[in-house]
1. Given 0.36 nm per residue, what is the gain on full extension from Ala352 to Glu266 after removing their alpha carbon distance, in nm?
2. Rounded to the nearest 20 Debye, what is the dipole magnitude of the chain about its Cα centre when Lys and Arg each give +1 and Asp and Glu each give -1 at the C-beta?
3. At 1.306 mPa s and 10 °C, plugging the Kirkwood radius over alpha-carbon pairs of the chain into Stokes-Einstein gives what diffusion coefficient in µm²/s?
4. Can you give me the relative contact order of region 5-351 as a percent, contacts being Cα pairs under 8 Å and 6 or more apart?
5. Relative to a virtual label point 7 Å from the Cα of Ala224 in the Cα→beta-carbon direction, which members of region 330-365 show backbone nitrogen distances below 12 Å?
6. Starting from the Cα-Cα distance between Ser191 and Phe72, subtract it from 0.36 nm times their residue separation and give me the gain in nm to one decimal.
7. In nm, what is the difference between 0.36 nm times the number of residues separating Ser62 and Glu258 and their Cα-Cα distance?
8. Compare the Cα positions of Asn176, Met193, His106 along the charge dipole of the chain (+1 at Cβ of Lys, Arg; -1 at Cβ of Asp, Glu; about the Cα centre) and return the one farthest towards the positive end.
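Where a number appears in this text, it was derived from the coordinates with a stated rule and is not lab data. Values in this document were obtained by computation on a predicted structure and should not be read as measured data. We place every Cβ from the backbone using ideal geometry, glycine too, and count neighbours over all the protein chains shown.
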Amino acid sequence: MAGNTLGRVFTVTSFGESHGPAIGCVVDGCPPGLALSTEDIQRDLDRRKPGTSRHVTQRQESDRVEILSGVFEGKTTGTPIALMIRNEDQRSRDYGNLIDTFRPGHADYTYWQKYGIRDHRGGGRSSARETAVRVAAAAIARKWLQETQGVVIRGYLSQLGPIDAPFQSWETVDTNPFFSANADVVKQLESFMDELRKAGDSVGAKITTVAEHVPVGWGAPVYAKLDADLAGAMMSINAVKAVEIGAGFASVMQRGSEHGDELTPEGFVTNHAGGILGGISTGQNVVVTIAVKPTSSIRVPRRSIDKAGNAVSVETNGRHDPCVGIRATPIAEAMMALVLMDHALLHRAQNADVKTATPKIAGSL
C-alpha cells in the first residue's frame, strides 16, 4: 500500500491497524543531538488518548510509546527513529456485523472497492487509531522546532456542532476535555454532548491551530507552498472535510482593501493571510482551521448495501467518539508540527545563507 509516508526531509512512515497487535512509525531525517526520551513523547500522547472523559470513546489504551532505535544515551543519532505503541483494548466482536456491510460515511466501501480485502475491525488502517503515531512523531518535531527556532504550536476547539467557542485564553485549553479556549462554554458543551450520546448520534467540530514565532521565509512559491502542504497534511487526518488558512472562506466576503495585510515598520497590521503569502511564511502566526465531520459509527439505523449489493440497514454498536473532533486538537497540532519541521529543514538546506538588507518586521500589531 502506497501513501504511508509524509514529508521530504523529515519523513514519517506509519504502520499498523486499529485491532492489530501494535501501531507505530519510523521517523527519518531528525537532526542528531536532540535530547529525546519517551517522556517527551508521552506528554502529547496522553492528551490525545481515548477514555479520558465520558464524552469520548471508552476504549482503554495507555498509549505507552516505545523508542526502538535512533536514540543513544538520551540523544537522537540522526538515524531512523522507530516508535511503537501496543494496542491493549481491542473488542473486535463489536464489528462482527460489518464483515459484509458498509457504514455510510465511512471508508468501508471505498477501501473494499480499492483493495478487495478489508480489516473490518475498527476500520483497520482507516481507523483514527493511526493518528496516535503521528502525535508521537510530531512530539519530536515540536521539541526541535521550539528548542532551535522558538516555534510554539498550540490548538483549540473553536466550534462543536452548533456551539461556537471563540478564543479567550490558552490557559483554558488543557483544563477541560474539549480543548476549548473558552471557559464560558464548557458546561454548554458538556450538556450538548450528554444529550447527543443518549441519542446515539454524532456531530462535527472545528479546530483552530496556531504556530507562533515561525520565521519569515519557510515554504516555496510553486509546488512546495507551505499552505498547500499544511492543507494536505490536515486533510490527511481522518474525518477532516475542509481546511482554512487565515481568513479562509471569510475572505470571499472581504474586499482587497480589507483582506490584504498592510505592512508598517512596526509590523503587519492584520493577519488575514494566516501567516503565509505566496506559499512562504511571513513571520506572523501561522493559523490553520479544520472542519471535522460527524463520526460515521453511530447507533442510529441507516441504509446501506452488503458485498452482494443487497439493501441492508446498518447500526454500529461498540465504543465510538460521538464527536471525533473532541480529540482532534492534538492531532491537528501534530500535523502542523510535522509540516513545519519538514519546511524548516528544507529552508536550512537551500536558503540558510540568504541575507537581505530589509529588516524583518514583527508579526501583527
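1. Working it through step by step, the gained length comes to 28.5 nm.
2. Here the chain has a charge dipole of around 920 debye.
3. For the chosen part, D equals 74 µm²/s.
4. 22
5. Only 342-352 fall inside the zone, counting backbone N under 12 Å.
6. 38.0 nm
7. Gain in length upon complete extension: 65.7 nm.
8. His106
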